[in-house]
Amino acid sequence: MRIIAIANYKGGSAKTTTVVNLAAALGAAGNSVLVLDLDPQANASMWLGVGPGAPSVIDLFRGDPLRSRGFGFADTVQTSAAGVRALHSSPHLMGLERELAAEIGAETLLKHALASLGSFDFVLIDTPPTFGLLTVNALAACSHCLVPVEAHVLALAGVARLVEMLGLIRSRLNPSLVMAGLVACRVSARSRHNVEVVEKLRERFGADVFATEIRENVRLAEAPSFAQPIATYAARSRGADDYRALATELLDRTRRV
């Protein structure tokens, strides 16, 4: 099982877009996928059609029934994407970091909750756009980290800081953490600025940058309104093609490391 945190603490980086559509592409390729929505905004949950009334990620942290009796496949919810199940977010996540701050080993609660999980090929974790306890839990629990990067010059400094933070997580909490890669998102070939930013990203980080680029696409922007991943909403669009290519590349990278 490959546990992949999709992380970037800069807002607008296409993080949730990547979680939802990469999960759908992996599911369509025959993989079993679990999405954990750790962002209190719950955008991934809404996009995938999963909401209150079912077990949520907060149960994994608080020691509620999921954690106390062992987390299993039956606790998850089928989403609008074939092969993809989820545990939805909760507004209460905003206060969870304060609630857990005094708990011993708070940084590894998610890691222990997922330790016995074996029903999925992939777990994708949508992290908040902040570097708090929830994001640290995701990075402490995951085997790989994937970083979506908006094709804008202001995004580059944030990526450098995030890569440094991954090094700290690796040295202190998760020695097996591997960088799955950085993926350039919202790229327009007609924008010289976008092209230059992607070039700088590749110069700086080399082979850590995915060959696949997620191009700007109106269908991709429309898909959340219909609570469908792009592979379902517009299967022949550029957005669907790009996420299928990213899934193929991710499968290859995570097999090699």
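The values are calculated or read from the model by the stated rules, or taken from the named source; none is laboratory data. Bear in mind the structure is a predicted one, so any value in this text is a computation, not a measurement. Ideal geometry is used to build each Cβ from the backbone, glycine not excepted, and the neighbour counts take in all protein chains shown.
General observations
- Test: Ala231 is of a type in the set (Gly, Ala, Ser), crowded, with 19+ Cβ neighbours inside 10 Å and touching a residue at least 24 places away in the same chain (Cβ under 8 Å): yes
- Under the condition of being assigned to a helix (DSSP H, G or I) and among the acidic types (Asp, Glu), the residues counted in the range 175-216 number 4.
- Exactly one residue out of Arg253, Arg215, Arg236, Arg219 is among the basic types (Lys, Arg), out of contact with any His (no Cβ under 6 Å at 6 or more places or on another chain), in contact (Cβ under 8 Å) with a residue 60 or more places away in the chain and within 30 Å of Met46 (Cα to Cα): that is Arg253.
- Test result for Arg98, part of a strand (DSSP E or B) and of a type in the set (Lys, Arg): no
- Qualifying residue in the range 187-197 (condition: at pLDDT below 95 and either touching a Phe, Trp or Tyr at 6+ places or on another chain (Cβ under 9 Å) or among the hydroxyl-bearing types (Ser, Thr, Tyr) (or both)): yes
- The helices (runs of 4 or more DSSP H) found wholly in the range 1-75 and carrying at least 3 residues that are small (Gly, Ala, Ser) occupy 15-28.
- When the residues of the range 115-173 are filtered to those that are acidic (Asp, Glu) and in contact with a helix residue (DSSP H, G or I) (Cβ under 8 Å, 6 or more places away or on another chain), the one that is surrounded by the fewest Cβ atoms within 10 Å (Cβ to Cβ) is Asp121.
- Among residues of the range 121-139 that are at positive phi, none has a Cβ under 9 angstrom from a residue that is polar (S, T, N, Q) and assigned to a helix (DSSP H, G or I) at a sequence gap of 6+ or on a separate chain.
A quick yes/no check of all residues on (1) surrounded by fewer than 24 Cβ atoms within 10 Å (Cβ to Cβ); (2) touching a strand residue (DSSP E or B) at 6+ places or on another chain (Cβ under 6 Å); (3) at pLDDT 95 or above; (4) within 20 Å of Val147 (Cβ to Cβ):
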{"position": "Thr18", "(1), (2), (3), (4)": "yes, yes, yes, yes"}
{"position": "Val50", "(1), (2), (3), (4)": "no, yes, no, no"}
{"position": "Arg62", "(1), (2), (3), (4)": "yes, no, no, no"}
{"position": "Ser68", "(1), (2), (3), (4)": "yes, no, no, no"}
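Residue-wise test of (1) closer than 15 Å to Leu22 by Cα; (2) surrounded by fewer than 19 Cβ atoms within 10 Å (Cβ to Cβ); (3) polar (S, T, N, Q).
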{"residue": "Arg190", "(1), (2), (3)": "no, yes, no"}
{"residue": "Val195", "(1), (2), (3)": "no, yes, no"}
{"residue": "Leu201", "(1), (2), (3)": "no, no, no"}
{"residue": "Val218", "(1), (2), (3)": "no, yes, no"}
{"residue": "Thr248", "(1), (2), (3)": "yes, yes, yes"}
{"residue": "Thr254", "(1), (2), (3)": "yes, yes, yes"}
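- Within the range 76-95, the set of residues being modelled with pLDDT under 85 and not in a loop (DSSP other than H, G, I, E, B) comprises just one member, Met94.
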